[in-house]
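> The structure under discussion is supplied below as structure tokens; questions concerning it will follow.
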Amino acid sequence: MSDNISANTLFHFTGSIDNLENILRNNFQPRLCYENFMSIIFNAPVDFKELEKAIPMVCFCDLPLSQVREHADENNYGPYALGLSKEWAIKNKVNPVLYTYKNSDISRKLKSLLLNLPSQKNDTVHYKISKKDYHNQLLSIFQYIKPYEGISAKTKKHTRFYDEREWRYIPNFAEDLSYPMMIGRGEKEENAITEINEKIKGISELHLKFEPNDIKYIIVKSEDEILQMVDKVIQIKKGGFTESDIKILTTRIISFESIRENI
């Protein structure tokens with residue numbers, strides 16, 4: 001077994017076999033998820049809800065299978081997963097997140113940049129970039145920031161997020177989607193998030209797509225579910241993939257139960 005900390009495969013874990021089937025059928029569909037990265041910028045408590053922001057994303061972990069036990073716990077992300085090659089991830093602009101903490105040098109600099117954003121009213125700034133583009137590009141960088149540690153929304157426990165080695169896909173939104181770069185939490189915002197997530201489902205250009213040869217692992221919870229997953233793969237993909245593609249995919253189905261027994 002390799003001693004590498006990083007894997008050659010990125011894993012997306014989920015909580016049910018139905019979710020796994022949906023990904024195989026429809027590719028990855030980004031969803032707005034809350035991130036509390038603003039607390040590390042403005043030095044607020046890590047559970048301060050007013051600083052949570054919703055970001056459209058698909059998340060992966062860069063962990064070898066020997067280290068996914070806690071990540072795949074049913075009270076955390078769940079024991080079902082799709083593993084895809086890192087080459088595929090890089091080609092599709094999936095990016096490692098930037099972990100930082102309160103009062104770090106980078107947190108202070110990001111805070112200074114955020115508080116001194118130029119107004120979007122004027123047309124240009126230096127370096128031949130519009131103020132609107134400057135504004136949007138800077139805010140887009142914030143979407144790749146994650147606290148080094150904090151309270152997990154999944155387990156409600158203090159978690160060192162750095163151990164997840166997260167990579168993140170964030171789609172480029174068209175102007176007509178009217179996506180707010182960052183959106184707070186409240187009833188009005190929750191309704192807006194639901195509406196945006198529904199829009200994302202119908203816009204295939206925003207989905208993170210993959211081909212059969214990009215998939216390295218299809219992980220189900222138990223050995224009993226392997227044949228069920230084989231049937232699903234055949235049913236889902238027989239219209240678009242060759243018979244050899246389908247055969248290869250079915251050989252990549254394993255159970256988290258067997259992984260747990262062998263690590």
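> Scan region 69-78 and give yes if some residue there is more than 20 Å from Leu20 (Cβ to Cβ) and either open to solvent by 30 Å² or more (accessible area, probe 1.4 Å) or at pLDDT below 85 (or both), otherwise no.
Among the residues of region 69-78, not one is more than 20 Å from Leu20 (Cβ to Cβ) and either open to solvent by 30 Å² or more (accessible area, probe 1.4 Å) or at pLDDT below 85 (or both), which makes the answer no.
> Let me ask something additional. Would a scan of region 221-232 turn up a residue that is surrounded by fewer than 18 Cβ atoms within 10 Å (Cβ to Cβ), at pLDDT 90 or above and closer than 30 Å to Ile170 by Cβ?
no
> While we're on this one: Of all residues in region 41-68 being within 23 Å of Leu206 (Cα to Cα) and open to solvent by 10 Å² or more (accessible area, probe 1.4 Å), which is modelled with the highest pLDDT?
Cys59
> Just need a number here: residues in region 216-240 that are in contact with a strand residue (DSSP E or B) (Cβ under 6 Å, 6 or more places away or on another chain) and either farther than 28 Å from Leu63 by Cβ or assigned to a strand (DSSP E or B) (or both).
Total meeting the criteria: 5.
> Let me ask another. Out of everything in region 169-191 that is at pLDDT 60 or above and loosely packed, with under 11 Cβ neighbours inside 10 Å, what residue ends up being farthest from Asp133 (Cα to Cα)?
Filtering region 169-191 for residues that are at pLDDT 60 or above and loosely packed, with under 11 Cβ neighbours inside 10 Å, the one farthest from Asp133 (Cα to Cα) comes out as Glu187.
> Looking at this structure, is Ile145 surrounded by 14 or more Cβ atoms within 10 Å (Cβ to Cβ) and modelled with pLDDT of 75 or more?
yes
> Now, a different point. Across region 149-164, what is the total count of residues that are surrounded by 15 or more Cβ atoms within 10 Å (Cβ to Cβ), of a type outside the set (D, E, K, R) and not in a strand (DSSP E or B)?
Of the residues in region 149-164, 3 are surrounded by 15 or more Cβ atoms within 10 Å (Cβ to Cβ), of a type outside the set (D, E, K, R) and not in a strand (DSSP E or B).
> Please determine whether any residue of region 110-127 is surrounded by 14 or more Cβ atoms within 10 Å (Cβ to Cβ), touching a strand residue (DSSP E or B) at 6+ places or on another chain (Cβ under 8 Å) and modelled with pLDDT of 70 or more.
Yes; the residues of region 110-127 include at least one that is surrounded by 14 or more Cβ atoms within 10 Å (Cβ to Cβ), touching a strand residue (DSSP E or B) at 6+ places or on another chain (Cβ under 8 Å) and modelled with pLDDT of 70 or more.
> Given Lys201, Lys238, Lys216, which one is open to solvent by 40 Å² or more (accessible area, probe 1.4 Å) and modelled with pLDDT of 95 or more?
Exactly one of Lys201, Lys238, Lys216 is open to solvent by 40 Å² or more (accessible area, probe 1.4 Å) and modelled with pLDDT of 95 or more, namely Lys216.
> Right, next: Out of the residues in region 185-202 meeting the condition of being touching a residue at least 24 places away in the same chain (Cβ under 8 Å) and under 18 Å from the mean Cα position of the chain (by Cα), tell me which one is farthest from Glu35 (Cα to Cα).
The extreme case among them is Lys201.
The values are calculated or read from the model by the stated rules, or taken from the named source; none is laboratory data. As the structure is a computational prediction, the values presented were derived from the model and not from experiment. Ideal geometry is used to build each Cβ from the backbone, glycine not excepted, and the neighbour counts take in all protein chains shown. These area figures cover heavy atoms from the full protein model, side chains too; ligands, DNA and RNA do not enter into them. Shrake-Rupley method; radii C 1.70, N 1.55, O 1.52, S 1.80 Å.
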